[in-house]
1. Among what's in the range 295-316 and is surrounded by 17 or more Cβ atoms within 10 Å (Cβ to Cβ) and under 23 Å from residue 248 (Cβ atoms), pick the residue that is farthest from the chain's Cα centre (by Cα).
2. Return the residues of the range 1-13 that are out of contact with any helix residue (DSSP H, G or I) (no Cβ under 9 Å at 6 or more places or on another chain) and part of a loop (DSSP other than H, G, I, E, B); say none if nothing qualifies.
3. Please state which one of 195, 199, 242 is assigned to a helix (DSSP H, G or I), at negative phi and assigned by TED's automatic domain parsing to the domain that holds residue 305.
4. Please pick out the residue among 190, 158, 153 that is surrounded by 15 or more Cβ atoms within 10 Å (Cβ to Cβ), within 16 Å of the chain's Cα centre (by Cα) and assigned to a helix (DSSP H, G or I).
5. Which ones in the range 114-135 are in contact (Cβ under 8 Å) with a residue 40 or more places away in the chain, crowded, with 16+ Cβ neighbours inside 10 Å and either in contact with a strand residue (DSSP E or B) (Cβ under 6 Å, 6 or more places away or on another chain) or within 18 Å of residue 392 (Cβ to Cβ) (or both)?
6. Which condition breaks for residue 159 when tested against (1) over 30 Å from residue 63 (Cβ atoms); (2) modelled with pLDDT of 90 or more?
7. Take the conditions at pLDDT below 85 and over 19 Å from residue 158 (Cα atoms) and apply them to residue 196. Does it pass?
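The values are calculated or read from the model by the stated rules, or taken from the named source; none is laboratory data. Here the structure is a predicted model, which is why all the values come from computation and not from measurement. Note that each Cβ is placed from the backbone with ideal geometry, even for glycine, and that neighbours are counted across all protein chains shown.
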C-alpha cells in the first residue's frame with residue numbers, strides 16, 4: 001500500500017508501511033518510523049536495543065474505526081551515549097492513546113456536533129473528547145497582544161443559578177468576543193482585569209454598562225479616560241422596575257373594584273406603547289383612568305423613549321433636564337428616586353450621543369450562554385464552562401453545547 005494515504009489521511013510523516021489488519025468494524029495499519037535517530041541529539045549513529053508496539057486511535061474511514069499500530073524502537077546513541085525510545089511527538093502527544101490528527105478532527109466536528117455526539121460517533125469517552133477540546137478552547141482566551149487592541153468594551157452580568165449567583169462578562173464591542181469572565185458581580189469581579197488593561201496600555205475609549213454602582217466606581221478609578229455609556233435598555237428596565245414597584249403598592253391601597261381592573265396589567269405597563277395590540281391598549285387605558293399615579297408614571301416612561309431620538313447632545317441634555325424636573329415635581333416617590341439617579345449619572349447617559357452604542361451585543365451573548373447552559377444541563381466544572389464562554393462567539397444558536 002502507498003504511504004501517501006498514511007500521510008494525507010492520517011498525518012503520518014516518514015513512516016514505513018508494514019501491514020494492514022481488518023477485524024470486525026476496525027482497520028489497523030502497522031507502521032514504523034523510517035529514520036533511525038536518537039531522540040535526544042538527533043544523531044543517526046545509533047544501535048537498536050529493543051522495541052515495543054503501541055496502538056493509537058486515529059481518524060475513522062466512514063463507519064470503520066482506524067488504529068495505528070506503531071512500532072517504537074529503543075536506540076543506544078553512540079554519540080551522546082544515551083539509551084532512549086525514538087520520539088513520536090509529531091504523531092501523538094506523550095501518554096495519549098490517540099493521534100494529533102484525531103484531535104484536529106474532533107475540533108472540526110465540534111463546530112457542527114455536541115461533545116456527546118462526537119464521543120458516540122468516534123466511540124470515545126466523553127472525558128477523552130473534552131480533553132482533546134480543552135487545548136483547542138484555551139486558544140480562545142485572549143492574549144496580552146489581543147487585549148492591547150481593545151477600544152470599546154461592554155460589561156454586564158448574567159445569572160447562572162438560583163440564589164443570586166452571577167457571572168461578570170466583558171465583551172469586545174467591535175468583534176463580539178468575550179474577553180473576560182469572572183464569578184460574581186462585585187467590583188472585585190472586574191478590578192483585576194481593568195488593572196491588566198491599564199498595565200497593557202490598552203486604548204479603551206468607551207465602556208458600556210448598566211447603572212450598577214460597583215462597576216461604575218471601578219471603571220472611573222482605573223480607567224479615568226474611558227467614557228462610560230449607560231445602555232438605554234437598562235435605563236428603561238430600571239424605570240420599569242420603579243413602575244412595577246408603584247403598581248404593587250397601589251394595588252393594596254385601592255378598592256376591590258380597582259384591584260380587579262389592575263389584574264393582568266403588569267406586562268401591559270412594562271411594554272412600549274407601540275407594541276400593544278388594540279385590546280391590550282383598551283385594558284391598560286381602563287387602569288390608567290382610575291389610577292392617576294400609575295398614569296403619570298407610565299406617561300413619563302413613554303416620554304423618556306424620545307430622549308434617544310434627539311439629534312444632538314445639547315438637545316438631549318435639555319430634554320433630560322426637563323424630564324427630570326417634571327419627574328421630581330410629580331410627588332410619585334419611585335419616579336422621583338429614578339429622576340435623582342438620572343441626574344447623578346447625567347454625563348454617562350448623554351455620552352451615548354458621542355458614542356451611539358449599546359449593550360445589545362452583550363445581551364445577545366448572554367442569551368447564547370443561557371442556551372449553552374440549558375443544552376448541557378449544567379456544568380460540574382466551572383472552568384470548563386468558562387472555556388466554552390470564551391469560544392462562544394464561534395458557536396451557532398442552533399448548536400452551542
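1. Within the range 295-316, the match that is farthest from the chain's Cα centre (by Cα) is 296.
2. 1, 2
3. One residue alone meets the criteria, 242.
4. After ruling out the rest, the residue left standing is 190.
5. Within the range 114-135, 114, 115, 130 qualify.
6. Exception for residue 159: condition (2).
7. no
To keep it simple, each residue is scored yes or no on (1) in contact with a strand residue (DSSP E or B) (Cβ under 8 Å, 6 or more places away or on another chain); (2) modelled with pLDDT under 90; (3) buried (at least 19 other Cβ atoms within 10 Å of the Cβ); (4) not in a helix (DSSP H, G or I).
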| position | (1), (2), (3), (4) |
| --- | --- |
| 318 | no, no, no, no |
| 339 | no, no, yes, no |
| 352 | yes, no, yes, no |
| 365 | yes, yes, yes, no |
